[in-house]
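Read through the structure below, which is laid out as structure tokens, and then see the notes.
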Amino acid sequence: MEILIASAIGTLTTCGIYLMLRARTFPVILGLSLLSYAVNLFLFISGRIKLNAPPIIGSGAYTDPLPQALVLTAIVISFGMTAVLVIMALGAYLTAGHDRIDLYADKEKAIKASARIRGHESDSRAEDQP
Amino acid sequence: MSPLLILPIILPAVLAGGIILFASNALNLQRAISVLGTLALLGLAISLSQAPTQAYFLGNWPAPFGIALVLDGLSALMLLLTASLALIILIHTIRTGWDACGRHFHALYLFQLMGLNGAFLTGDAFNLFVFFEVLLIASYGLMVHGSGEARIRAGVQYVAFNLLGSTLFLFALAVIYSTTGTLNMADLAQKLPQIAANDTGLIRVAAVLLMLVFAVKAALVPLQFWLPGTYANAPGPVAALFAVMTKVGAYALIRFGTLVFPTDLPATTTLLAGLLYPAALATIAIGALGTLATRTLPRQIAFAAIGSMGTLLLTVSAFTPQATAAALYYTVHSTFAAAALFLIADVCRTRRDGLTAALYMAAAIAMAGMPPLSGFVGKLLVLDALRDDAIAWTAILLASLLTMIGFARQGSDLFWKSPSAEAPAQSKAAILLCLTALAALTIAAGPITDQLTLTAEALHQPAAYIAANHLGGPK
Amino acid sequence: MSLALIAALPFLGALTPALTQRFGRSIATVTIAVFTATALALILQHLPAIMAGQAVTTQIAWLPSLGLNANFRLDGLSLLFSLLILGIGLLIQAYACFYLDASEPYARFLTYLMLFQGAMLGIVLSDNILLLLVFWELTSLSSFLLIGFWSHLPQARQGARMALATTGAGGLAMIAGLMILGHIVGSYDLSAILSQKAAIQASPLYLPALILILLGAFTKSAQFPFHFWLPHAMAAPTPVSAYLHSATMVKAGLFLMARLWPVLSGTPEWFWIVTGAGLITMAFAAKVALFKDDLKAILAYSTVSHLGLITFLLGLGTKTAATAAIFHIICHATFKAALFMLAGIVDHATHIRDIRALGGLRRAMPISFGLATIATLAMAGIPPLNGFLSKEMMLEEAAHTAPWIIPALATIAALLSVAYALRFLTYTFLGPTPAYAHAPHDPTPGLWLPPAILVVLVVATGLAPMPLTAWLVDVATAATTGAPIHANIALWHGLDPPALWMSLAVIGGAIVTLGLYPALRRIWDATPKPQAKAIFDASLTGLTQTAATLIEKLHNGSLSRAFSLALLTILTLGFYAYHSAESLPGTRALTPIALAPAVGVALLITAAIAATTLHRKRLLALLLVGIVGLILSAGFAYLSAPDLALTQIAVEVVTIALMLLALNFLPKTTPRKTAALRKARDAALAVTTGVATAALAYALMMREAIFPPISAFHLAQSVPGAGGHNAVNTIIVDFRGYDTYGEIIVLGIAALLIFALTENLLGTKWATRPHQTAGDAGDPHPILLQTATRLILPMAMLVGCYLFLRGHNQPGGGFVAGLVFAIGFVLQYIASGQDWTAARRRIPYHAMIGAGVLVASATGVGSFLAGRPFLTSNYTHIQLPPLQDFELATAALFDLGVFLCVLGAVMLALDALARLAKPQEGR
């Protein structure tokens, strides 16, 4: 059983990371979701595996309840984060007209962006050679 | 148990909740609540900075079973730093009207303070994760405040990268709980030395993973990539507030490096220090080269901020009381210096007049570690603490030079070559306050370093911190 | 206090121009002059004590733990420099008042000047070397402002930056040097350091300290090869040049060498480095000065040459040489300040600085001519002027120093300086008068009086050196060398001294040189010369561009790059941490595998891999990810975690629904652009990380915790302490309720963020139309689905209420309840479209967030009323007849806060999507 779970964690991590390394927002979000499954499962097994022992007082045998509580918190938080990231990615797509995640996909873009930030380009390089 | 310990966390939360519920369309009311709240936080921080080391047991559950807040010199210092910076930046935001550029700035701002305060006060490793998330998500909100294409896209990267950091945090916590069965930091400090010498592999992994999580926050090379895009694209006052965000990473590194994984812990010994040191050197290098090479002011300040984190963590990596005291001084200094510069960059967007130039020069020399402001004192303290380390000296001094050259060129381009005074002047009160803080830090360097030395000594002898948790068992 | 006050006076004066400028230039000048004069008077007040061989000190603790204190010291050496700084400072102030154009920001100029004066005065009065460093760097910074004062001129900006970079770099080296010195001695106080010669010179750190300190001194005093900044600093207004390059800035390096002379000099290292640098600088700069045509450039190189002369003398390490050095500092300050001012007068009168275009000014400007003649001859070292005296002393010292190259070079340098001085004078004032655009004439007395005063001094000290200067030279040299000295300065030492014969050779040689000048000039012009400025620029530009390339390459805005590097770091360091220590093997037995979980895991792995390989088809990938989540939820149920299973499934449904709706706007496929190599690289990284994670997970599962987990307490106290049977729920609402408090804040903030972002998006121009395909929201919807969901909504609410109420004892709770409610609404939205949802937008969802935060906070604060800490729970058992017996815990109220936040967050996100979908129809 432990081997099965470890391979599940490994696969989820692998797939999550591969998708995270893509260049568009949507696959990256999917990747982060898969990675959060992996970490939730990982956090969960920090209490180790115990079958048929839910931590409801009265049943006799209990698995460790604390990791479960931690995973609950983690799930909720990652839900909030995912919602935020989805809407932000949407906003980025609507304002930029594309969903590339890299900031300066091409050189022109970089120059445009930096010019916008300060609204003024330095030319002291030219000044250095009078 | 003084209820004052929990107030820095619930006060901003309640005020933010109140703003959302009752004042979501009344900007002036929001401003009033925000200012009063921040003032109250400052008052709280001042009163807490005089309090002895103590714990606060949430839900009245004893440590390590419930969550404990622990106040010591370091957390009090960070609270004070956060509150004073927050007040200054709030003034700037209101005077420049940044808060009117989007919705809910003040609620997000208060939540941000809540997250920061919570992270500084908690004595529980998992709770630290939770408050990291609070402060992060609030920072996402502030980062995209007022939006615009570049800002949202930079924001997406910021969020995505920090999600990786948060995931890593959970991995580390899972390893810690799985091996030690506890999450309370003082409890960990007591238990880790008992681990058998032939069974330390996993706890070492946990230590390294945690260090990397904090290194993401602290923008330590090679985990610094999120910072320039984020700081350069964030609204000016938000970037200024973010000066304290990297310090959260530094705080956590200092806290865990002295309390949980001190260098005399057999399991980890100098593992963290040994990894921190080269990373900090690389951070100094990237920061300095970036400051030298970058043409746009906000991005340049962002690199200078990276460089200052390098210096700070290089000092931390020595893990001696003297070095820690120097690092704490440098923390306060670099926060105000970076904040001042970001606020100046904000003002410079529209108008570059003589007064702004003077303020820029003062802030830039502080950042570069030139006299007379606290950067120089901080640099001397750091050099003195690392007195046997020629590499560190060379790195710090060279970085100072490159930073100075970079800022001198930027200033000469901005204010000498293309001054502009057509746009209406913006309020510079907040910038002046930041510089006043730097001046005060310089003039009162003696008493301040004495106090910080006590704080640092307590960090390296954490008996009082551990005792405050009353780990004996259920009462 | 007095010395600290003196040091502070110029800084206080720097504040006044801003206030006095409205009263006119004279008032502003007089005001700052009062500060300078007061400082001078206060210094002179200590004269008797200093003449008696004492040093006046003031000590103020600043940062005692570091050894940085505001300790000041006034002895003979600092007296000499203070007199130069303040005395010449007064003349410069007067001169500047008449020199600068009415249109220039005069107040700013005065402020910079006073800042600089204060920094210089601070250097010479410091008794603590760290304090000295503070003032040292301040001179670099304030001179940056002064040199760049005409900031509209590119050469002013460049000159300022070059001076700052060079002297700043030296200053940083000096920080290291002086700190090493302090560490050797154990104190940063000069009084302590100066008595530790033996310890310092015996230390293995002596040489590094010496080199670093000399780097500071040489850059400041423009010694070869750091001389290049000085000529470019001539872009400053002439009063600045006159001040910085005669009496102050460049003398700071000499001051430092003199100050530390007792402990650093006398070693072969000191001798060779300092003497060598000085001699080379002296000869080299004199040669360059001979071939310069710009008035100020000639003076600039002459300054460099004379600084070399003084450095050379200090390097010799003998007391008589030190005496000569001190005396020449005085002489050079007087004649060079005068010459700079006169050059400014000529420039002012003719607007020409090229001496080849000048000439014949003796007629038009007789006063200037007279003054310039005397000052120039002093510079050339012609008797009976003071420059002659000090040059004789220098030649005398050189003559007694082996090897022969030293006196030879000194003679050549002296020869060249006579030559350039004569050329300077003759080209400007003698010869035929060219046609000037404006007829030049002598300026107002305001401009010529300050140099005239200096010229009087030049003559007087030349004629009567003993009564006028010997006392000052004596105390200054005594303070420098640490031993009483009685200098013997005279015009005539008889026929014996070799200096006399060398001087004669110098003058003869100079005349020959001038005679051969056209030929020499042709050779000079034809020889390629390494241009220090070009080298400096090229190296700085090269460094900057290399840095820019490196930084741009590294920080190219690529997120996957950042991710890859982060993952590599994590993997490497994690692997290292594990394998650099021992670990025990796992001891737990494997849990047997049943068929169902095996199939489940196989499905999960298949779905995850399918989602990854098919990720370009976004809808499909999303659904596959959803399937992974559902299997995970089943897995939690199987692994004794019913709460997790419930939460996971609810979250999954809502998340996937939100992403589906968002996908509505986004492109439906990902373009296929990635190179195969990059794919392989990413896959390798992903697989490695996956394997590492799996191995770590396996290692953890196979071992027991080293210490008994704290959760034993939670299980034991769940019912008696927290009043609930569901230990997971009691942990999240009670034992660790504070985590949950943070968690709902996260949700609340998420909702606020989404709301604020949507508002912004609605107000900005979009670059694209959403990829909304026909048949989606907005079009008629299947009536069956609509009806079904209308029924589902109340059912969802009912289930939600049930889950909420039982959460404390059975799986459930506020979070799941909120999600179940939300699912009802989400389905409604999907089935009925955004119009339906939009119509119900009146519900202030974000007020719900506020309410949720407040309810949760209030529950926590409520425990204050009972004198308990935040979030202390209280509970009571109540009987509600239709339901079973259940505890009503304050935790339930807390759960209500959770519920409100969750529902509010989901609804706000949904609302955001609806609102974003709506306006696009009009676009």
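Readers should treat all values here as calculations from the given coordinates under stated rules, not as data from a laboratory. Everything numeric in this text was worked out from a predicted model, so none of it was measured. Counting neighbours? That spans all protein chains shown, and the Cβs are built from the backbone with ideal geometry, glycine included.
Quick look at the values:
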| quantity | calculated |
| --- | --- |
| Proximal lysines to residue C:765, defined as alpha-carbon separation beneath 20 angstrom and excluding residues fewer than eight positions away on the same chain | A:109, A:112, C:918 |
| Rel. contact order, % - alpha carbon contacts under 8 angstrom, at least six apart, chain B | 17 percent |
| Relative contact order, percent, the range C:594-672 [alpha-carbon distance under 8 Å, six or more residues apart] | 32 percent |
| Residue range of chain C that is longest and free of chymotrypsin sites (Phe, Trp or Tyr not before Pro) which are both DSSP loop and sparsely packed (at most 11 other C-beta within 10 Å) | C:493-923 |
| Mean ellipticity per residue at 222 nm, deg cm²/dmol - from DSSP H runs of n ≥ 4 across chain C, formula -39500 (n - 2.57) | -23000 deg cm²/dmol |
| Anisotropy class of the range B:1-92 from Cα gyration tensor, a/c 1.5 cut | oblate |
| Estimated distance in nm for a label pair at residue C:674 and residue C:596, the labels positioned 7 Å out from Cα along Cα-to-Cβ | 3.6 nm |
| Modelled FRET efficiency - R0 41 Å, residue C:572 with residue B:39, Cβ distances, 0.05 increments | 0.30 |
| Gyration tensor (alpha-carbon) shape descriptor, the protein assembly as shown, a/c threshold 1.5 | prolate |
| Per-residue HN-Hα couplings for the range C:40-52 [Karplus 6.51, -1.76, 1.60; θ = phi - 60°; Hz; x = Gly/Pro] | 5, 4, 5, 5, 5, 4, 8, 3, x, 4, 5, 4, 7 |
| Student exercise, chain C dipole from Lys, Arg, Asp, Glu Cβ charges, in Debye to nearest 20 | 2140 debye |
| Dipole axis of chain B (+1 Lys, Arg; -1 Asp, Glu on Cβ), positive-most option in B:448, B:414, B:334 | B:414 |
| Total charge dipole magnitude, the range B:402-475, about the Cα centre, Cβ charges on Lys, Arg, Asp, Glu only, Debye to nearest 20 | 120 debye |
| Principal axes of chain C: Cα extent on each, largest first, Å | 127, 63, 59 |
| Tail fraction, Cα-Cα pairs, the range C:487-566, threshold 23 Å, whole percent | 66 percent |
| Approximate spin-label separation residue C:318-residue C:463, in nm, with each point projected 7 Å along Cα-to-Cβ | 3.2 nm |
| The protein assembly as shown - charge dipole about Cα centre, Lys and Arg +1 at Cβ, Asp and Glu -1, debye rounded to 20 | 3040 debye |
| Gain in span if fully extended, residue C:23 to residue C:483, counting 0.36 nm per residue against the direct Cα distance | 160.6 nm |
| Global form of the range C:594-672, assessed from the alpha-carbon gyration tensor, a/c cut-off 1.5 | oblate |
| Helix-only mean residue ellipticity at 222 nm for chain B, each DSSP H run of n ≥ 4 adding -39500 (n - 2.57), per residue, nearest 500 | -24000 deg cm²/dmol |
| Whichever lysines have a C-alpha closer than 20 Å to that of residue C:292, once near sequence neighbours (fewer than 8 apart) are set aside | C:336, C:529, C:533 |
| Relative contact order of the range A:2-118, pairs being alpha-carbon contacts under 8 Å that are 6 or more residues apart, as % | 22 percent |
| Qualifying trypsin sites (Lys or Arg not before Pro) for the range C:662-767 [loop in DSSP, other Cβ within 10 Å: at most 10] | C:672, C:673, C:765 |
